[in-house]
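I have placed the structure first, in the form of structure tokens, so that the comments after it can refer back to it.
The values are calculated or read from the model by the stated rules, or taken from the named source; none is laboratory data. Predicted, not measured: the structure shown is a model, and the values here were computed from it. Cβ: placed from backbone, ideal geometry, glycine included. Neighbour counts: every protein chain shown.
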Amino acid sequence: MKRFIIPILVSVLALTSCNLDKYPFSEVAANEYVKDATSVNNLVIGIYNGLYDVMYNEWAMTELRSDNARMRVNNSTSQDSKLIEQLDQLVVLTANAWVQDYWDALYVVVNRANTVLENLDVVNDDALRARYEGEARFLRAWMYFDLVRLWGPVFIVKNKTGADEARTMQRSPAEDVWALIEEDLETIVDKNLLPDAMPAADLGRADMKAAKALLAKVYMTEYKPSADKYAKASALLGEVLEACGNPASGSALVPYADIFDKNKEGNAEIIFAVRYRSGNVGIGSPFTTLYAPVNNGGNVAIGAPKQYNYPSNSIISAFNANPGDVRKDVCLQESYFNKTTGVLVDNANARYCSKFIDPDMTSEYDAENDFPIIRLADVMLLKAEADNELNGPSAESLVLLNAIRERARIPVYELGEVASKYAFRQAVRNERRLEFAFENQRFFDLLRWGTAVSTINEYLASEPFYAAYDYVVNPIAEWQTLLPIPVSVLNINKTVAQNPGY
Amino acid sequence: MSGGRKTMRYYTSASYTKDQGIMLQNSIDKLSLRTRLDVDLSPSIKFGYNISANYSKTERPRNNFIDFYRTPSFLPVMHNDWTTEFTGGYTGFARGSHFNQITTPTGDPDAYGNPTWDSKVSPFNSANNNPKSVMANTERWGESFSGLGNAYIEITIVKGLKFKSSNGFNVRYAPSYSYQNLNALKDGTPSEATFNSTLYVDLLTENTLNYNLTKGRHKLDLLAGYTLENTRVQRVALDGTGFPTDDIHTLNAATVFSLAASNNGNGAGTGTFRYPDKVLESGLARATYSYADKYLLSASLRLDRSSLFTRGNRNAWFPSVSAGWRVSQEPWMQHIDWLNSLKVRASYGVTGNNNVNYYSALEVLGGANYATGAGNGSLISGTANNSSTLANANITWEQTDEFNAGFDLSVLKNRLNLSVDAYYSITRALLFEQPTQSFTGFTKYWNNIGRVRNAGVEIQMNTVNVSNRTFTWTTDLNFSLSRNKLLEIGGEREVITQGERNENYIARVGEPLIQYYGFRTQGVWNTSEEIQNNPHFAADVPGGLRIVDEKPDGVLNDEDRVPLGDPYPDFTYGMTNTFKIGKFDLSFLIQGVQGITVFNGDVFYNESHKYNTAYLENRWVSPEHPGNGKVPYMKVGYDMLLTDYPLQDGSYVCLRNVIMGYTFSKKDLRNKLDGLRIYLTGNNLAYLWSKDYKGVNPESRMLSGVYSSPMISGYQRGGFPVTTTITFGVDVKF
């Protein structure tokens, strides 16, 4: 019998030696991972990675809801069209999947930033530790900046938060969210957490210029009238301009088309951009596929593009007001050449947002183009705007505004043309619209200036597209400038307050 | 083939099957071999093995069945002379995009009488190619090799005491591959090949010690055992594009590979490699006792340990007891001659469920990359917890206490047999994936909360209506009824979950486990004035669904949502009648489900509202032509998937199965064959469903993804239609 017992025992023992503490092979358990600066650096990269999902839908929350972009066709009833239509007409449902995705994506970045901030103690090198803290705070502040502008009061999550704790949490007043944003950015500036420029290999990660510029914009956006907000912003913007060599003319700037050229990424204009990389490595830019014309036969971009973010008649008219504006051709196209048939396609289906098109893209959603978040012109125009609000038009402000116009090859202003505070303000606002068309700035600018409702209603009434609907597209009210808290939040906690109107 | 000698028995069989589905490119080829050997080495030692090997090759069409009725039937499959001219020279397959290029003048003529174009959508708008064209340009194959082996040894140590060790493996390797030509799905879709493989390795050892004692009318059976199961899965997915030609369909010709899982929200980059594993370890003990075959008692206890849970949450005890009493065996029952047998039984037991995803209890990090550096930048690898599921280290076994009671009765010379079972169970620590506030950075987490009560009754009756030498007629009836109720859910009043179209399901305490949840509708809006003068949503337009202001506060918002019915049937039933007249036999099975509500996800498809008459008839077209005031125009207005509009009555009754046969007698065969029977069977020859139902198969349900959760069910989308099959067969024995 022995000759049977032994093999049996051996086989039983071999199997029973299995350990019940199973750790994954294909991922790494978080509690074992974070142990040194390298692992924290990887987690910081992980925060930046979360920006891809944010950017994917950000145009729909901002540009599409402004007067710059709209749907391509009306009365289409495909599912995506329904979601776009809600955003385009500012009649968003609480269950809108894109709003949910955008909300989720912002908080994923917040969570990843919180993870880094909670794990800094393993970084022994003080300089690295400061940098990682600065980057995490910058990205967290940016996310909350978007959240508070689009939703008003939101949930403040500063630490790793479990499901049970989250279930009973309530939205914090907008003041508290603004305070958190300021605290994060002011900490970076006050404690000098970030270097003025990143080392070459890290180009693209947030530096001090980005943090200062963002903080200035936060000051200028804050809803609460504060006597010194423009002064504080102006000082910070001055420092950023100083660091960028105080450009004083159009020729001192990167030519407009080069800013977005995929072969000139990281040019002098870029202060902070979301950086994409093509080549099927999972971090390509989706915007060529999202914006290029449908059925273009490969003449604009390969694949089956969506033609989202369709330029409005209104933005085209705004560009046409200054013949020869070089920015128009970069921002949008109204035709394309069909290489196969030799025909210029110039009907309504040939109009598209061309700012982030990569004609060399080889697979869908995998373009090279970076997406600028903060660039030099933004800082210059913000500085001009802040100084005008503080002291009225000045020669220094006019230099900044005119440098932008000079680069665009359109006539510069004489001081007499923009002599009043009001005239200068209007000139800057108009310039920002053209300069940053399709860069997700317009809607935020309108909110900042308090002109969103009037501008959008004028647009809805004047754009012939909306009149062609089978039903009446109604003008919007103030409450529609805020997005609804996703219904999934209220499904879990009914006591969470929805935004008014929804 | 089977056979053997006194101390050795063998069995071996081989089979080959080829089956063609109802769609093109839908077939399956199967080969299998099974062999079994049992050897008695000595009176006290037995061993044996059981091995089977299977191979199958499956071709599946790229299209769902639903793609056929999502295609405009007025467009030809292939271009004809007229469409070639109309579309400007296209030939071959008539694709939606060919018609997209045609602009249709839809505006009023301009001042000079020329046609004008407004931006209205084209009636032919579909970028998707027609399904026949897609099929002609795509291929999808799956293969599966599986080997199952199990060897045992059984040793009788002393009389009545046996040790048995059984050790086995189940290994399955299932590669699948696909190819699509350039522009196969729609214009611009690249040539693309995929390769996926799953290697599944399951090792199982079962070791038991069994003691058997019979003394007089007492019988005792004791069992102790230990089992261990280790399951590993390896998944690989590769995706290649950039083919120089559509003549080569394998990945070697691809120039671009998507290896990294995508993080930019676009689904590109499907490459993955995963290798999860888990272990389940159990110890069990069981005692069975019977006296004179009249009183039966049994008790068992089992301890399970699962690696899916963390230390301290891993173990669960599962006791059970049962008792039976054959009343008809009692001497005082013997004189009741109409009663043939009566048995009553009752049991109580605990069962468990550890069905969670791998590593749900553990926070894990995966790749999360970015680009930095000069120029176009370089790929920099990073890490993040990029799962949407929040780890929960506290999850543990879900347990169900179940009570069962029933009886079996045979009367009138076994002409009437009745079996009735009633059950009552309480499930504790319900284990499911619960939504969490996404501001945590995650959208869901596995959790153990809630108690559910299930109660029901199952009745089976068999009657022999006629039985004589030339004619027999028997009837089998079954009926079952089940009710469930949510008793508690983590101290909350309710938990709301979301399906793939954001449709909601509510688990509310005191009500059925789940119910559909959303807005009740009252027909469609007719005019803009009507909308402005009544509570409405900003997105409402004429022709869209009108939502009922359930919380009558004069405004419509999410607080107006209410439970809209549950996905559970009132009852299910079936009846089989079997007739035998001489050598002919006939049987048919009627089966049905009554009082069930399904969520028909086809409402989501734009095309359902364009081409399916069930969604077209009597619809609103304009204030002057409002239809019957109930059917919305296309998909305009409020999101229909959030309302009661997709809820339909899924009750049905069908003639599930009919068998007609003729069996030849030995005499007919003149003893040349052992047996011969020819038969004809038909499935689903008749099928009736409710007028309210607008789909093609009321039984179809989505069961994968979020729908594998017990808290989300009753949803169907793109179902495969009910298929009627007729089979002719010959059964020969020799």
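Below are the figures for this structure:
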{"quantity": "Check on B:D566, part of a strand (DSSP E or B) and either under 30 Å from B:L513 (Cα atoms) or more than 25 Å from the chain's Cα centre (by Cα) (or both)", "calculated": "no"}
{"quantity": "A:P173, sole failed condition from (1) more than 14 Å from every other protein chain (Cβ to nearest Cβ); (2) within 30 Å of A:G245 (Cα to Cα); (3) of a type outside the set (A, V, I, L, M, F, W, C)", "calculated": "(2)"}
{"quantity": "Residues (part of a loop (DSSP other than H, G, I, E, B), surrounded by fewer than 18 Cβ atoms within 10 Å (Cβ to Cβ) and hydroxyl-bearing (S, T, Y)) located in segment A:152-180", "calculated": "A:T168"}
{"quantity": "Unmet criterion (only one of (1) crowded, with 20+ Cβ neighbours inside 10 Å; (2) in a helix (DSSP H, G or I); (3) modelled with pLDDT under 85) for A:N57", "calculated": "(3)"}
{"quantity": "Unique residue being over 30 Å from B:F93 (Cα atoms), in contact (Cβ under 8 Å) with a residue 40 or more places away in the chain and hydrophobic (A, V, I, L, M, F, W, C) when the list is B:L228, B:L182", "calculated": "B:L228"}
{"quantity": "A:Y422 among the hydroxyl-bearing types (S, T, Y) and at pLDDT below 95", "calculated": "no"}
{"quantity": "Verdict on A:A235 being within 30 Å of A:S394 (Cβ to Cβ) and either touching a residue at least 24 places away in the same chain (Cβ under 8 Å) or of a type in the set (F, W, Y) (or both)", "calculated": "no"}
{"quantity": "Qualifying residues in segment A:195-232 (those that are among the small types (G, A, S) and touching a residue at least 12 places away in the same chain (Cβ under 8 Å)) - the one farthest from A:D445 (Cα to Cα)", "calculated": "A:A197"}
{"quantity": "Given (1) away from chain A (no Cβ under 14 Å); (2) outside any strand (DSSP E or B), number of the condition B:L182 does not satisfy", "calculated": "(1)"}
{"quantity": "When residues of segment A:70-109 are limited to those that are at the interface with chain B (Cβ under 7 Å from one of its Cβ atoms) and assigned to a helix (DSSP H, G or I), the one surrounded by the most Cβ atoms within 10 Å (Cβ to Cβ)", "calculated": "A:V108"}
{"quantity": "Residues being in contact with a Leu (Cβ under 8 Å, 6 or more places away or on another chain), in a strand (DSSP E or B), more than 7 Å from chain A (Cβ to nearest Cβ) and closer than 22 Å to A:P486 by Cβ - total across segment B:425-445", "calculated": "1"}
{"quantity": "Scan of segment A:136-164 for residues that are farther than 23 Å from A:V92 by Cα, at pLDDT 95 or above and either facing chain B (nearest Cβ under 9 Å) or in contact with a strand residue (DSSP E or B) (Cβ under 9 Å, 6 or more places away or on another chain) (or both), ordered by number", "calculated": "A:F138, A:W142, A:I156, A:V157"}
{"quantity": "Failed item in (1) farther than 22 Å from A:Y33 by Cβ; (2) crowded, with 16+ Cβ neighbours inside 10 Å, with B:I380 passing the rest", "calculated": "(1)"}
{"quantity": "Residues (within 30 Å of B:L280 (Cα to Cα) and buried (at least 17 other Cβ atoms within 10 Å of the Cβ)) located in segment B:175-196", "calculated": "B:S176, B:N196"}
{"quantity": "Residue check, B:S347 surrounded by 15 or more Cβ atoms within 10 Å (Cβ to Cβ) and either within 14 Å of chain A (Cβ to nearest Cβ) or not in a strand (DSSP E or B) (or both)", "calculated": "no"}
{"quantity": "Residue satisfying all of: in segment A:463-487; at pLDDT below 95 and of a type in the set (S, T, Y); surrounded by the fewest Cβ atoms within 10 Å (Cβ to Cβ) among these", "calculated": "A:Y469"}
{"quantity": "Residue within segment A:292-310 that is assigned to a helix (DSSP H, G or I) and not β-branched (V, I, T) present", "calculated": "no"}
{"quantity": "Flag if B:K635 is at pLDDT below 90, in the same structural domain as B:G592 (by TED's automatic domain parsing) and crowded, with 16+ Cβ neighbours inside 10 Å", "calculated": "yes"}
{"quantity": "Residue within segment B:82-96 that is part of a strand (DSSP E or B), touching a residue at least 12 places away in the same chain (Cβ under 8 Å), in contact with a strand residue (DSSP E or B) (Cβ under 9 Å, 6 or more places away or on another chain) and over 30 Å from B:E154 (Cβ atoms) present", "calculated": "yes"}
{"quantity": "Strands (runs of 3 or more DSSP E) wholly inside segment B:1-52 containing at least 1 residues that are among the polar types (S, T, N, Q), surrounded by 13 or more Cβ atoms within 10 Å (Cβ to Cβ) and touching a strand residue (DSSP E or B) at 6+ places or on another chain (Cβ under 6 Å)", "calculated": "B:8-20, B:27-42"}
{"quantity": "Qualifying positions in segment B:306-333 - within 14 Å of chain A (Cβ to nearest Cβ), part of a strand (DSSP E or B) and crowded, with 17+ Cβ neighbours inside 10 Å", "calculated": "B:S306, B:A316"}
{"quantity": "Matching residues, segment B:356-376, being in contact with a Leu (Cβ under 7 Å, 6 or more places away or on another chain) and either closer than 22 Å to A:G204 by Cβ or within 7 Å of chain A (Cβ to nearest Cβ) (or both)", "calculated": "B:N369, B:A371, B:T372, B:G373, B:A374"}
{"quantity": "Complete set of residues in segment A:186-212 that are assigned to a helix (DSSP H, G or I) and either farther than 12 Å from A:A141 by Cβ or basic (K, R) (or both)", "calculated": "A:D190, A:A200, A:A201, A:D202, A:M208, A:K209, A:K212"}
{"quantity": "Residues (within 24 Å of A:G284 (Cβ to Cβ), buried (at least 17 other Cβ atoms within 10 Å of the Cβ) and within 26 Å of the chain's Cα centre (by Cα)) located in segment B:222-258", "calculated": "B:A237"}
{"quantity": "In segment A:416-438, residue surrounded by the most Cβ atoms within 10 Å (Cβ to Cβ) [restricted to those that are among the aliphatic types (A, V, I, L, M) and closer than 30 Å to A:W59 by Cα]", "calculated": "A:V428"}
{"quantity": "Conditions (1) modelled with pLDDT under 95; (2) of a type in the set (D, E, K, R); (3) in a strand (DSSP E or B); number of the one not met by B:D401", "calculated": "(1)"}
{"quantity": "Qualifying positions in segment A:361-390 - assigned to a strand (DSSP E or B) and touching a Leu at 6+ places or on another chain (Cβ under 7 Å)", "calculated": "A:I374"}
